[in-house]
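What follows is a set of notes on a single structure, which appears directly below.
The values are calculated or read from the model by the stated rules, or taken from the named source; none is laboratory data. The structure presented is a predicted model; accordingly, all values stated were derived computationally and were not measured. Counting neighbours? That spans all protein chains shown, and the Cβs are built from the backbone with ideal geometry, glycine included.
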Amino acid sequence: METALLPIIFVAAALSMVCSADDAYAQESWFFPYAEVRAKYDDNIFLTKDDVEDDWIITISPGIFIEPDLRSKHKFICNYQADLRFFMDHDEEDSDNHELYADMELKFNKWRVNLSNIFRHFKDRDSLSREDIGESPTTEEFYYSYGRDRLGTDDISRVKRTQDYFTGIVTFEFNKMDIAFRSSYGFEDYHSSKRIGDFKGEALTYKDLERNEYEEEVEIGLKLWPKTTLLFSGTYGGVDHETGKKSDSDFRDVMVGLRGKPTAKIAVEMKAGYRDQEYKDYDDDFSDLLFNGSIMYELSAKDVLRLNLLRTTNDTIYEENAYYGATYVILGFIHDFTDRFSGNLDLAYQADKYPTATTEEGETKKRADDFLSAGLGLSCKLVERVALDIQYEFRSRDCNFDIFDYENNRVSFGVRASF
């Protein structure tokens, strides 16, 4: 895109949002359109150690949130958002990215049904990372966005792909116990035949990563305390690849955890346990600790601290490895200076461990990546439906193979409005 056009797009979109927001619905509605326009400077858009390229990026994000009043115990919400991303100097990286999320809860006398679906069609991996880092993700958002999309790992190319994950949960409620049955299914398709690393001596492309995922879980919740439930769960699942060149796997999880509010200021949803994951025609199975969840601590009426944790396994494009073990820790702090002005601070650590030794630049060993990131931001609500924010984010990868190291700084500012 021509350099002179980007500032015009940003200013025009921002002004139109501010001017039209006051014409929003005067009465309660179930249909909530919104839009955001954001300008970002990125000093390392390809996340490389050498030959670093920087750029300015404009992202225009229209969306619609739907929450009808069902006038009953049942609930339904649906959210669609598009991220239209334009690079100033590297227009070959431009992309349109789409996400649709729907969730339904049907409540009956002693049981309920929850159905949810997350559909994504995207090219730019940043479209699914949290631009608003001042808002630490919920447990479910953290699991799907950070666990499934492999933020900041070996898959640094902008490759068009489609993901669709469906989850159904049936919960039976008793006086001192709940029993939930969860079933989930998802797939990921790649719209590229670009070459990736070899596996078992055979050349692979992104098409060889296309896969179906499924999970079946039984969870028992014991209501031992007034507002906190003790959880026990067992899960069986698997990953099946379409072409058969990448190893399929089956896994079994056994976990224990807590859900609820153990104190007036602490909310927790956390599980920890053990995973045994076996891979077809691959020697390095995964048998290790597993955990996921979040803890929120309300320090005061204006201060909130949130900790998100996740340990799981992910597919990899890195040569001769079927997967990597991933551990994520994110600590987020939000402070409200006034009703209209707030600030955020985020710190994160991520560790990726690869099970099979490889050779890079004459060295042979098992690859290990350590990621560090930090974010700082300020947000201001101008009027009832318009908010501005500015964010800074730093992240780095320190790999035991030096060629994979990088550092990245980003500064962004944006305006968001609902109509």
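Taking the range 180-202 as the range and being more than 22 Å from the chain's Cα centre (by Cα) and closer than 16 Å to Ala322 by Cβ as the test, the residues that pass are Ile196, Gly197, Asp198, Phe199, Lys200, Gly201, Glu202. Every residue in the range 201-260 that is assigned to a loop (DSSP other than H, G, I, E, B), within 24 Å of Tyr279 (Cβ to Cβ) and out of contact with any Phe, Trp or Tyr (no Cβ under 7 Å at 6 or more places or on another chain), please. Hits for the range 201-260 are Gly201, Glu242, Thr243, Gly244, Asp248.
Among the residues of the range 106-120, those that are buried (at least 17 other Cβ atoms within 10 Å of the Cβ) and within 28 Å of Thr162 (Cβ to Cβ) comprise Asn114, Ser116, Ile118, Arg120.
Selection over the range 73-94 of residues that are within 29 Å of Leu115 (Cα to Cα) and of a type in the set (A, V, I, L, M, F, W, C) gives a count of 5.
For the range 162-200, a residue qualifies if it is within 21 Å of Phe108 (Cβ to Cβ), in a loop (DSSP other than H, G, I, E, B) and not aromatic (Phe, Trp, Tyr), and the qualifying residues are Asn175, Lys176.
The residues listed here are Lys302, Lys280; of these, the one that is surrounded by fewer than 18 Cβ atoms within 10 Å (Cβ to Cβ) and more than 30 Å from Val239 (Cβ to Cβ) is Lys302.
Looking across Gly152, Gly147, one residue alone is modelled with pLDDT under 90, surrounded by fewer than 18 Cβ atoms within 10 Å (Cβ to Cβ) and within 26 Å of Met270 (Cα to Cα). It is Gly147. Residues in the range 369-402 that are among the aliphatic types (A, V, I, L, M) and in contact with a Phe, Trp or Tyr (Cβ under 7 Å, 6 or more places away or on another chain) were compared, and the one that is farthest from Leu309 (Cα to Cα) is Ile390. Gln350 satisfies every condition listed in (1) buried (at least 19 other Cβ atoms within 10 Å of the Cβ); (2) farther than 30 Å from Asp198 by Cα; (3) touching a Gly at 6+ places or on another chain (Cβ under 7 Å) except (2). When Arg311, Arg367 are screened for being buried (at least 16 other Cβ atoms within 10 Å of the Cβ), part of a strand (DSSP E or B) and either modelled with pLDDT of 95 or more or of a type in the set (A, V, I, L, M, F, W, C) (or both), only Arg367 passes. For the range 223-266, filtered to residues that are β-branched (Val, Ile, Thr), over 19 Å from Asn308 (Cα atoms) and surrounded by fewer than 16 Cβ atoms within 10 Å (Cβ to Cβ), the residue that is modelled with the highest pLDDT is Val254.
Whenever a residue of the range 61-88 is outside any strand (DSSP E or B), its partners that are among the hydroxyl-bearing types (Ser, Thr, Tyr), lying with C-beta atoms within less than 6 angstrom and at least six residues away or across chains, give the pairs Met88/Thr3. Residue check: is Asn292 modelled with pLDDT under 95 and closer than 12 Å to Asp352 by Cα? No.
No other residue among Glu219, Glu202, Glu213, Glu278 is over 30 Å from Asn97 (Cα atoms) and touching a Gly at 6+ places or on another chain (Cβ under 9 Å) apart from Glu219.
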